[in-house]
Structure formats: structure tokens, C-alpha cells
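Each remark here refers to the structure printed beneath this line.
The values are calculated or read from the model by the stated rules, or taken from the named source; none is laboratory data. Please read these numbers as outputs of a predicted model, since none were measured by experiment. When we count neighbours, we look across all protein chains shown, and the Cβ atoms used for this are built from the backbone with ideal geometry, even at glycine. Ligands, DNA and RNA are stripped out before the accessible areas are found, and what is left, the full protein with its side chains, is counted by its heavy atoms. Shrake-Rupley method; radii C 1.70, N 1.55, O 1.52, S 1.80 Å.
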Amino acid sequence: MQAVGKKILLQNRSVARKVNKPLLINKHNQQLVATEPISGDLVGLPIDVLYRIFDYLDAQTILLSLQYVCRRLRDVSEKYDRYALDFENISMVQMWHVCRLVRPESVLSLNLSDGPSTPQGIEFFLSLINIRKFTRLRSLSVHQSADDIFHTILKYVHGCRSVESFSIHFRRASLFGRPDSPDDDYHGPSLTLLASAIAKSNLKTFKTNLPKYQIDCLLWPMNLTLQHLTIGNCTQKQYYMILQRSPRLRTLTLNFIFINRKKTLLFHISHPLSSLALLEQKSSITALKQILSWTPSLVTLKIIGTQSFDTFLLESTQLETFLHNNFNLLSRFHIFIRCSIDEQPFAVDALMASFQTPFWTEDKRWFFTCEPRLPDNCLFYSASMRTMAHPYTLYIGGNSRSNFDEINSNAEMMNTVGKLHFEPTKMQYFNSREKNITGQSFYPNVTILHLKFHDNWPSDGIEFVSSLIDMSRVTALELYYDRKLDSISDSIVHVGKLFKQAVNVSALVVFRYKCLYDRFKWEKLCSVIPHHVKHLSISASDPEDMKTILDHLKHLWSIRFQWPTGIISEDKGTCSREIINDLKMKKQNFKYLHDDFELQIWLSNA
Amino acid sequence: MATTTDSSNTSATTTTENATSKTIKIQSNDGETHEIDQGVVEQSSTIKTLSDLMDLGDVPIPLPNVKGSILTPIVEFCNYHKNDPKPEPLDDDDDDDPNKDIYEPKRSDDICEWDQNFIKRFTVQEGTLFDIIMATVGCKTIANMVRGKASSEVREMFNISYDPPGEGLNAPNAIESQAGTVPTTQDTSATGPSPQPDPMN
């Protein structure tokens, strides 16, 4: 095999063939692009092998492409009965075709969304297909829907015995309220109907974002079948009730448990829960001791949260004893704590000393890193922590400490970063000698890149970004323009260069401060946005700017105009109406949602 | 000419400690023989069934549909992966990843580095990729190759010819005739998309 750069020639070992036919292959072998016709008996593969290939494909590829390749693939796609329909980021045209072509009884999984990429998507779906025909559906996921739509879906869940996994996330309608304030109003069904659907169903998995003040109504219908539960948050008492009423529950995920340290709990239970995840816990681990002791069979414990460094330092000395004495089966302990630092210098060595004992490094082989984010906080995390779902901000200027080989732990951490934040202009502080020594990207698995433009880009900006991440793996790019930026034009030129490497980006977010509005050149930005970008989210308030963007980017599937702060509601409404009327005048097919935050438009561009 | 290969030479260093001492021999259709241990046997339902049914002692189990040039890398692949954790069944009660939906589409972007290097040795044009496609990594690789591609690109990529003129479902006229008409909705603020034959094209 010859490898020249990224172009790899796969040697043809057939004597009869004289010409090697190259495949372009990226670093991770995720995409192969034939540069010449190649022969192979794809259509001659056994049906079960083709089924396995289909298992890894989206329904659009199977139904809208493969079945048109030849009669054989058409026949297989018609017989295939394990379709997973994901309508969260689909184009309106593709959804229409998929719903027309798919046999509902061949679908096992369905993901419906009214999210920003598909506003009114659930209503459109229900207008195309009768959900009751999905007789073999095992997993149903619904995001952000309105009352009447929920009613239809909950009636289906109520009556369909095949559904084992149900996920329902309500849209938060409060304009300026805090997410966890009881004053917030969640759009959604009457909770009684939801509770009734859960009680009558055959669910093993249920996920929702309901917070504590809405959880009580769901406690009574919890039944013996429920094994996996995800909720928003709950009180200590509600947590106890969930365990008490769900004896078969094995995994429980919630953002946080409200801990009232002034109130002594008189409850006790020993529940066989095997996995507990707290994703936004703000209290100390010590405060959780009592409720954690209710689940002595935990195999996996994940805690993500915030607390003061001093508190965490203190409890780190007790953590080993607590885990050792209470959780014999615990094999995975994942932690990611953002600690606030009140005093300098902070005792990072003392903290890490608590995790250097044989219990951590030899018995459990749990490894941790403490990463200073001076001057006011630090991160403490498991080397094995999955950070794919959590943004990681690149920080340059502090020495991290680990309880094992730092190079390996850092490498492992870097591999798990899926979303990376950084300011390109700070790159000059980075030790350039460390750049790309191995030819590998520092963060090879980043798929979401968030760039903040604070100052102008340095001359080697593109080279630096390429050394940090594999741009070909990035699917979402977020650009934040700071109010102090001097040259917007220069930054747009750099973005254009970046897009030449970021060939798989389908979602673009552009945020700018209001003071930049007059200086921002939308035409120039639109000219560098490639056709593979299908979803655009952008801060805009001028109808003419918005029309310019819509006129220039005819390839978009969806666009989301976010209102900047300081715009009054009346102006937002006027602006929305002007854009909608303009689209209607052009006889364009579209769907939209608008509120005090944004105007979302789902376009029918192919 | 029959050759015998000691497959343990090709196994990964990390995968040998759990192998049992029991070994069997398998033979390709061109006479190439491999001695494999139980860890490898367990990964092939065909070989496992044959070895359970046939007690041939030192006589190799014949695999009439497999060439030696394909059997060698398959044995190598199985040797490398023989100590991998077993995949969880669909309804596994012990699934402890609460964020994983067992019915969601399978990931194909998790091909490990060893598998990536392994698959690079096989080409589509000479058919070897299809010969080893029974391995999961082959299915993932094919899925990655065709994902998001138009039917014409897939045809071009795999050199698939059109069905007979006028008869095939991939004839351009046939595609257009299946594209349907503009959908209608009741909502005046939102109508359906324009018709698009073969929307991936």
C-alpha cells in the first residue's frame, strides 16, 4: 500500500487489472470517495449482510438513493424491516419522500422534532402519515411539540404495546425566566394524559425533561416494567419515591437532586439500581452520601457539577473511604467538576495527593486530572470521562496535574472531546513546538467547533486550527464575533479558508454583537458558505439583511434568526411578518415558528 | 499446494491470554489450513456449528466457499477480536448507559484504528472487500461509503450497471414517474415541498 498524504492507493492485487483505482480516504477512514469507477459485487451480497449495512445507514440513504440503484437493492430496501427514522435535521423534501416510501410497519425507531431545524416538523409528519400504522415501533422520541400534537402521540403510546422506549421533551415557553423556576410554563400535554399513557404502556425506558414540580404526577403510574428513567430534576423525597415505586429500575439519569441539608431524611431503602448519572449537580458529593447509600449495587456512577474548590478538596479526602465501604460493585466512576477558586495559590497538589493512593491507581485504576483555569476556577475530571456531549474550552496557560502518566491521560481526554471552544487569537500562546509532531490532530474527535473572534486572526490561523482538530470530522461550526473585532472582512476570509477543509459541516451558527450590525457584510459571508451547510442559525434583526441571506443561500434546509437583546417584542413581530410575507410572495413552500427568542423557518429547498 | 499457517503469529498481543488450549483446524477451498483456538471458533457461527457437529480429530474442517487468501485475514481479524467484550443483546436488562437508545441507528464512526488499517488491505475492485464483509467493520465501511450519496454516485462507485432498458427501476423515467406530486397541507402558512425525483441526486 502506498500512502501519499491523505491519498491512499489501495493496491490492486489482481493480475488482470493494470490500473490501481484510488480511493480518497481521510485520516479516520470514515469517508471513502471513489475517484474512478470500481467494480464489486455489492448487489450480490446476501440479504442479511445488506441488512447489516442498512443498519448503519439513515433511512434517507436507503429509501431515496440505494433503492434507485438497481432492482436488487430496491427489493432489499422494500423487505428491510428495521428502519430508524430520524427527522430531527432532515429537509422538508426528504421527509416528504421518506414518509411516502416507507412502510410504517417496517419502522422500529422514530425521532420526531419541532426543533429549530424542523419547525412544525411533527405536524408535517402527522399530515403525511398515520402514526397508528407504526405497529412495530419500539422506540419513539418526541422533542418540543404543541398540546394538540402531544395528544395524538400520547394516544398512540397509550394504545401501542410494541413501544418500549419513549422520550418526550417539552419546549420551554418562558421568555425570560430561569429554566428551573416553577413559574416557567412548559408547553406540552396535560400531565394526567402523559401519566395515563405511561401507566398503560409497556415501557422499559422513559426519558423526559420534566422538573421537580411536575414529577409528582408521574410517580403514581410508574410500574414494574420501567428499567431506564431520565428526568430533569427532583427532590430527595421524589428520588426516594422513584426508587420505591420502580423495583426493576436499573439506570437513572437526572440533572440534579435538590439537597436540603437542614432536613434530616428518615427514609431508607436498598434498591438494586446499577447506574446513576447526575449531570448538573451543584451540591457536594458529601451531601449526596445518604441518598447514594440507598443504591449499594451501583456499577456506574457519573457526577458532573460545580462546587467550590475548598469544599471539593475537603471531601476528596473522604471519597475513597465512602466509595470503598459502600459500593463493592462500583467499576466505573466518572466525574467532571468545575471548581470555583476563592484564594490563590490553590492547593492542586494536595487535591491530587488524595487520588494517588493504591485504591485509585491500582485497585480501581480510576485516573483523574486537575486542570487550572486561572484565575478563578479549575476542572477536575476522570480521564475516562466521556466529554463528547459537553463543550471543552481550550485553555492555554496552566499546568494540569494527573494521578498517572500525564501524557497518556491528556491524550485520552483529548480523544473524548467532541465539542471544542477556543479563541483563535489566543493561539500564539500555544507552544508551537507541540504542534502536530505526530501528524495527528490534538482533538481528533471534535465534531462541533466553536470559534470566538476577539482580535484579528494571526497569519498561521488556519494551519493552527488544522493541527488542533481534524476539520473533515467537524459537522457543526459556531462563529462568535466579539464587539471589539476590528476587521470583519479578514475574519470572513479565514472562515472561507476553513470551509475548504470542513467539508462535512452541515450546521453553521453565526453570532455577532449588536454594535457590529452596521459593519457586517452579509453578502461576503454568504459567498463563503458552501452548499453542504444546510442549517444556519444567525443573529439578525434587520429584515433587509434577513432577505439578503435567504436570497443568497438557496441551498439551506432551515434558517434560524435569533433576536439580539434590546429589540422590543413589537419589532420582532413586525420583522417576522415581513420575512414570512416575502417568502409567501415568492411562492416558496416553508414552515415556521416565531417567538420572543427567534424566527425559525423550515424551507423546502432540495 | 496445501500450506499450514500458524495463525497465532498474527494475533494481537493483547488477545491471547484468555484463549483456551483446545484448537481445531480449518481448511480453505484451495487447501490452506489454519489452526485456530476456541476464541476464534466462538466468533464464527459457521465454524462453531461445524465443530460442534463434527469431531474430526486432527482432520481440518473444510470451508468450500472460502479462498485461502480470504481465510487468512479473517482468522487474523478473529484472533485480534476474540477477547473483545461480547455485544449486548437488544433487550439486555443490564444496559447501563442511560443515554443510549438501543433502537437508535447504529454508529459506524467507531471503527477502531486496527480495524481501519485492516480494511485498507482489501479493495472493492477485486472483490475482496465483499468477501470479508461478514465482519462488522466491512459493513460499517460500506455504509460510510454510500451514506448521503445519490443513486448515480453509488452506481458509479460500485460500477453497477442499469437494469435492462425500460424494465429497471433505476431507469431515469421510472424514477421520475415515482417521484409523485406536490403534497398538500391544510396550513396556509406552510405548504409541502416541490416534487423532487430522487432527492439525493
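Heavy atoms of the protein only, probe of 1.4 Å, neighbouring chains included. What is the accessible area of A:TRP563 in Å², nearest 10?
30 Å²
What are the residues whose amide H is under 5 Å from the amide H of A:ASN403, where those residues sit 5 or more places off or on another chain and H is modelled from the backbone?
Amide H neighbours of A:ASN403, under 5 Å, 5+ apart: A:PHE368.
Past 29 Å, Cα to Cα: identify those pairs from A:LYS207/A:LYS419; A:LYS364/B:LYS22; A:LYS419/A:LYS586; A:LYS212/A:LYS289; B:LYS67/B:LYS149; A:LYS289/B:LYS82, in the order given.
Flagged as over cut-off: A:LYS364/B:LYS22; A:LYS419/A:LYS586; B:LYS67/B:LYS149; A:LYS289/B:LYS82.
Per the Kirkwood formula on distinct C-alpha pairs, the Rh of region A:205-280 is how many angstrom?
Evaluated on region A:205-280, it is 12.6 Å.
For region A:48-63, state which residues have at least 40 Å² less accessible area in the presence of all protein chains than in their chain by itself, taking the probe as 1.4 Å and leaving out ligands, DNA and RNA.
So the qualifying set is A:VAL49, A:ARG52, A:ILE53, A:ASP55, A:TYR56, A:LEU57, A:THR61.
Give me the accessible area buried between chains A and B, both sides summed, with a 1.4 Å probe, in Å² rounded to the nearest 100.
6900 Å²
Taking N as the number of residues in region A:264-399, what value does Rg over Cα atoms divided by 2.2 N^0.38 Å take?
Expressed relative to 2.2 N^0.38 Å, the Cα Rg reads 1.06.
Round to the nearest 0.05 the FRET efficiency obtained for A:HIS555 and A:LEU128 when R0 = 22 Å and r is the Cβ-Cβ distance.
E between A:HIS555 and A:LEU128, to the nearest 0.05, is 0.40.
Residue by residue through region A:124-134, which ³J(HN,Hα) values in whole Hz follow from phi under the Karplus form 6.51 cos²θ - 1.76 cosθ + 1.60 (θ = phi - 60°), with glycine and proline marked x?
Once rounded to whole Hz, the list reads 4, 4, 5, 6, 9, 8, 7, 4, 5, 6, 7.
What does the net charge come to around A:LYS200 if you take all other residues with beta carbon closer than 13 Å to its beta carbon, with K and R at +1 and D and E at -1?
+2
Just grab the label-to-label distance for A:ASP41 and A:ASP363, each label 7 Å out from Cα along the Cβ direction, in nm (one decimal).
For A:ASP41 paired with A:ASP363, the spin-label model returns 5.8 nm.
Please give the contour-minus-distance gain from A:THR393 to A:LYS586: 0.36 nm per residue of separation, less the Cα-Cα distance, rounded to one decimal in nm.
Here the answer is 65.2 nm.
Using the Karplus curve 6.51 cos²θ - 1.76 cosθ + 1.60 with θ = phi - 60°, work out ³J(HN,Hα) for each residue of region A:310-317 in order, rounded to whole Hz, and write x for Gly and Pro.
4, 5, 5, 4, 5, 7, 4, 6
For peptide A:556-569, how many partner chain Cβ atoms fall within 10 Å of a residue's Cβ, on average?
The per-residue average across the peptide is 0.
In debye to the nearest 20, how big a dipole does region A:250-346 give about its Cα centre with +1 on each Lys and Arg Cβ and -1 on each Asp and Glu Cβ?
The dipole magnitude comes to about 420 debye.
What is the spin-label model distance, in nm, from A:GLN244 to A:LYS500 if the labels are put 7 Å beyond Cα along the C-beta direction?
Simple spin-label model gives 6.7 nm for this pair.
Amide H of A:PHE166: which non-local residues (sequence gap of 5 or more, or other chain) have their own amide H closer than 5 Å, using H built in the peptide plane?
A:LEU140, A:THR205, A:PHE206, A:LYS207
Only counting protein heavy atoms at a 1.4 Å probe, give the residues of region A:130-145, ordered by number, whose accessible area falls by 20 Å² or more when the other protein chains are present relative to the chain alone.
In region A:130-145, residues shielded by partner chains: A:ARG138, A:SER139.
Inside 10 Å of the C-beta atoms of A:117-129, what's the mean count of C-beta atoms belonging to other chains?
Across the residues of A:117-129, the mean count of other-chain Cβ atoms within 10 Å is 2.
Taking beta carbons within 10 Å but only from partner chains, what does the mean come to for residues A:70-76?
For peptide A:70-76, the averaged partner shielding equals 5.
Amide H to amide H under 5 Å from A:THR393: which residues, 5+ apart in sequence or cross-chain, H placed 1.01 Å off N in plane?
The list, which skips near neighbours in sequence, is A:HIS421.
Of the listed peptides B:140-149, A:567-576, what is their order by residue-averaged count of other C-beta atoms within 10 Å, with the highest listed first?
My ranking of the peptides, most packed first, is B:140-149, A:567-576.
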